[in-house]
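Undergrad: Would you mind keeping the following structure in view while I ask a few things?
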Amino acid sequence: MHAMQMTPDHPVLLRIVDDLVAHGWSQQSVFVPDALTGALAAECRRRAAAGELEPAAVGRGPAQEVREKVRGDRIQWLEPGQVEVCDQYLSIMDSLRMALNRGLFLGLEDFESHFAQYPPGAFYRRHLDRFRDDDRRMVSAVLYLNPDWQAGQGGQLRMYLGNDQPHDVDPVGGCLVVFLSGEVPHEVLPACRDRLSLTGWFRRRGDDPFP
Ligand code: OGA
Ligand code: MN
């Protein structure tokens, strides 16, 4: 596949920065081309079939535990330098990191992300992405990897945005949602089919309380 380039001054990245400044969140329905979404989805499915995804935990450090009544997804953290498609995604997100630093002065230093698979019926209860004991996560970004998702199959990301009605996003392949980690409570509703995504967090400098 032809490698996709996105520099920090790409119009779609500037739009995300503007949205975050104005509203604290952004939704880009066609963020990456179908070919890249498809390749990332195939890589996620390959890892799931190889048994590499593990039940996601809640919390940090010693308090971390698997609680399926809170979240029922299976995840694997991404490492750079493993597969070309994942490196492409990480490179795009690094450009977004630089765009965010230029526009929002957040001092974002790194990006951590994982593949996530929600089996049918799995959900993630309402939560904030910033931990009480570790406030390095500043901006959350979720890229959906479900090319043929149909409205009515569930699996929406539901965001609670102040006084408005909650905003629901269908996890349609190629769609990217970005929001301020400490400010937007959200949840994942159950779906009637597998739901795949790449979820990640831009973090600022700080001490790891659980090195
Ligand atoms: C998370 C999360 C949202 C989604 O992993 O913290 O909220 O739509 N994911 O997958
Ligand atoms: Mn979350």
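Undergrad: Given Ser140, Ser95, Ser197, which one is at pLDDT 95 or above and away from ligand 2 (no atom under 13 Å from the Cβ)?
TA: Checking each option against the conditions leaves just Ser95.
Undergrad: For the subset of the stretch 75-124 comprising residues that are aromatic (Phe, Trp, Tyr) and exposed (fewer than 14 other Cβ atoms within 10 Å of the Cβ), which member is nearest to Gly155 (Cα to Cα)?
TA: Within the stretch 75-124, the match that is nearest to Gly155 (Cα to Cα) is Trp77.
Undergrad: Within the stretch 182-190, is there a residue that is within 12 Å of ligand 2 (Cβ to nearest atom) and within 24 Å of Arg46 (Cβ to Cβ)?
TA: Looking for residues that are within 12 Å of ligand 2 (Cβ to nearest atom) and within 24 Å of Arg46 (Cβ to Cβ), one finds at least one in the stretch 182-190, hence yes.
Undergrad: Let me ask another. Condition check: at negative phi and surrounded by fewer than 20 Cβ atoms within 10 Å (Cβ to Cβ). Does Tyr160 satisfy that?
TA: Answer is yes for this residue.
Undergrad: Looking at (1) crowded, with 17+ Cβ neighbours inside 10 Å; (2) more than 16 Å from ligand 2 (Cβ to nearest atom); (3) of a type outside the set (D, E, K, R), find the lone condition where Phe210 falls short.
TA: It is condition (1) that Phe210 fails.
Undergrad: Could you list, ordered by first residue, the pairs with Cβ atoms under 6 Å in which the first is in the stretch 53-68 and more than 23 Å from Arg195 (Cβ to Cβ) and modelled with pLDDT under 85 and the second is outside any loop (DSSP other than H, G, I, E, B) and of a type outside the set (S, T, N, Q), at least 6 apart or interchain?
TA: Here the result reads Arg60/Phe131; Arg60/Asp134, each pair linking the stretch 53-68 to a residue that is outside any loop (DSSP other than H, G, I, E, B) and of a type outside the set (S, T, N, Q).
Undergrad: For the stretch 51-62, which residues satisfy the criterion of being outside any loop (DSSP other than H, G, I, E, B) and either farther than 14 Å from Phe131 by Cβ or open to solvent by 70 Å² or more (accessible area, probe 1.4 Å) (or both)?
TA: Glu54, Pro55, Pro62
Undergrad: Which ones in the stretch 8-24 are without any contact (Cβ under 8 Å) to a residue 60 or more places away in the chain and open to solvent by 20 Å² or more (accessible area, probe 1.4 Å)? It would help to see each step written out before you state the result.
TA: Of all residues in the stretch 8-24, those without any contact (Cβ under 8 Å) to a residue 60 or more places away in the chain come to 11-12, 15, 22.
Scanning the stretch 8-24 gives Pro11, Arg15, Ala22.
Undergrad: Right, another one. Which ones in the stretch 80-101 are over 15 Å from the mean Cα position of the chain (by Cα) and charged (D, E, K, R)?
TA: Glu84, Asp87
The values are calculated or read from the model by the stated rules, or taken from the named source; none is laboratory data. This is a predicted model, so every value here is computed, not measured. For neighbour counting, all protein chains shown are included, and Cβ atoms are generated from backbone atoms with ideal geometry for every residue, glycine included. Calculation scope for accessible area: heavy atoms of the full protein, side chains included, ligands and nucleic acids excluded. Shrake-Rupley method; radii C 1.70, N 1.55, O 1.52, S 1.80 Å.
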